[in-house]
Amino acid sequence: MSKREFGSVRKLPSGRWQARYPAEDGTPRTAPTTFPTRADAAAYLAGVATDMRRGVWTDPRNPHMPRLREYAEVWLAQRTVRGRPLAPRTVDTYRHSLDSWIAPTLGDAQLTDITPSVVRRWHQGVMSSTGPTATRQAYALLRAILNTAVADELILRNPCQIRGAGQPNSPERPLLSLEDAERLAAQMPANLQPLVHLAYWAHGRLGELLALRVGDVDLERGTMRIERQVIEVDHVGTRITAPKVGSRRTVHLPVPALDTLRDLIAARPADPAARLFIRPDGTELRAHHVHAAWAKARTAAGLDGVHFHDLRHAGLTLSAQAGATLAEVMRRAGHASPAAAMRYQHAADHRDAEIASRMTAQARLPEPPGR
């Protein structure tokens, strides 16, 4: 045991260090976790002493401190984004992360018991049990919940301190050419070929395209309105909702998209409320129908690994190459912030650099003097 000005530390048989200190009423408290080094334990005690002097110390034995499980349930019920409730699909994703990866390990812990070392051990356990996407989603959710706990003054700081753990780290998607998109469309069933064209030329998300109605298309003006989306929620089925925040938009269509729409609308009922895309037997077209056909089409086209969403990515990149500004790309894409739209600007910049390099290679440069 090593005595200090405030509290004490001792080395445990495991080799780790324990920190103890007197609470404000004089009763002993033990740090909720052990530490790898004596210096780490001492730093913890220094932090507790500072918090007590500032009057912001929270007693880890507080019987009124909520457990993570109950706090997370309230958080999920009250969470909004820009004043709007969470989309059903987002709720479904959060619920899965909470029930599968957070609550089983951390659910019974009081918020003050969740320390950075606890989070690191939990994160390592999740990584060893599932894939990187599920791990990232679970960590990002835990961090968001505990950020709110900080704002509610239940804890002093967020213990989720793993650098980059909540950030997506997906490999860059392949950039499809117009020829690739046409080849893929040709391999799709006839009723789905217009869907491929609109994903490329109008940059629609699949859920937005499935929700289109006949009345959303104005062939005279050459526009298409995106005002809703189809989402599929586990155990619920499909729902029609408003699109993502900032995604309501009217897109002006290039001629190839208008041509495919003219043929499609000519074969559809005159009712403006009729769904634009349906199955050949007239029943509802759902995302899994599209994905099943897409899997066959990309193999037949020799483009295994290409996602349906890559059509949107390619079309937006083409719009940037055609001279669209960042704000214009955002508008066509239905992006609420510049971050996502910048991907297409960067792709266009990269392509422009390639063009300049090829132009240089084709130039007849003068021979240096003396040769």
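Of everything in the stretch 243-258 that is in contact (Cβ under 8 Å) with a residue 12 or more places away in the chain and not in a loop (DSSP other than H, G, I, E, B), the residue that is most open to solvent (accessible area, probe 1.4 Å) is 252. Consider the stretch 57-115 and keep the residues that are outside any helix (DSSP H, G or I), open to solvent by less than 30 Å² (accessible area, probe 1.4 Å) and more than 30 Å from residue 22 (Cβ to Cβ). The one that is modelled with the lowest pLDDT is 86. With respect to the stated conditions, residue 104 is farther than 30 Å from residue 25 by Cα and not hydrophobic (A, V, I, L, M, F, W, C). Those residues that are of a type in the set (A, V, I, L, M), open to solvent by less than 10 Å² (accessible area, probe 1.4 Å) and touching a helix residue (DSSP H, G or I) at 6+ places or on another chain (Cβ under 8 Å), I need them from the stretch 193-211; list them, please. Hits for the stretch 193-211 are 195, 196, 198, 199, 202, 209, 210. Is there a residue being closer than 26 Å to residue 86 by Cα, outside any helix (DSSP H, G or I), among the aliphatic types (A, V, I, L, M) and in contact (Cβ under 8 Å) with a residue 40 or more places away in the chain anywhere in the stretch 134-157? Checked the stretch 134-157: at least one residue is closer than 26 Å to residue 86 by Cα, outside any helix (DSSP H, G or I), among the aliphatic types (A, V, I, L, M) and in contact (Cβ under 8 Å) with a residue 40 or more places away in the chain.
Looking at the stretch 216-230, which of the residues that are open to solvent by 30 Å² or more (accessible area, probe 1.4 Å) and more than 30 Å from the chain's Cα centre (by Cα) is farthest from residue 89 (Cα to Cα)? My answer is 220.
Screening the candidates 14, 8 for the property of being under 30 Å from residue 104 (Cα atoms) and of a type outside the set (D, E, K, R) yields one hit, 14. Could you list all residues from the stretch 157-175 that are modelled with pLDDT under 90 and either closer than 19 Å to residue 317 by Cα or surrounded by 15 or more Cβ atoms within 10 Å (Cβ to Cβ) (or both)? Those that are modelled with pLDDT under 90 and either closer than 19 Å to residue 317 by Cα or surrounded by 15 or more Cβ atoms within 10 Å (Cβ to Cβ) (or both): 165, 166, 170, 171, 172, 173, 174, 175.
The values are calculated or read from the model by the stated rules, or taken from the named source; none is laboratory data. For clarity, every value in this text was computed on a predicted model and none was experimentally measured. All Cβ positions, glycine included, derive from the backbone under ideal geometry; neighbour counts span all protein chains shown. The protein model used for the area step is the full one, side chains on, heavy atoms only, and it has no ligands, DNA or RNA in it. Shrake-Rupley method; radii C 1.70, N 1.55, O 1.52, S 1.80 Å.
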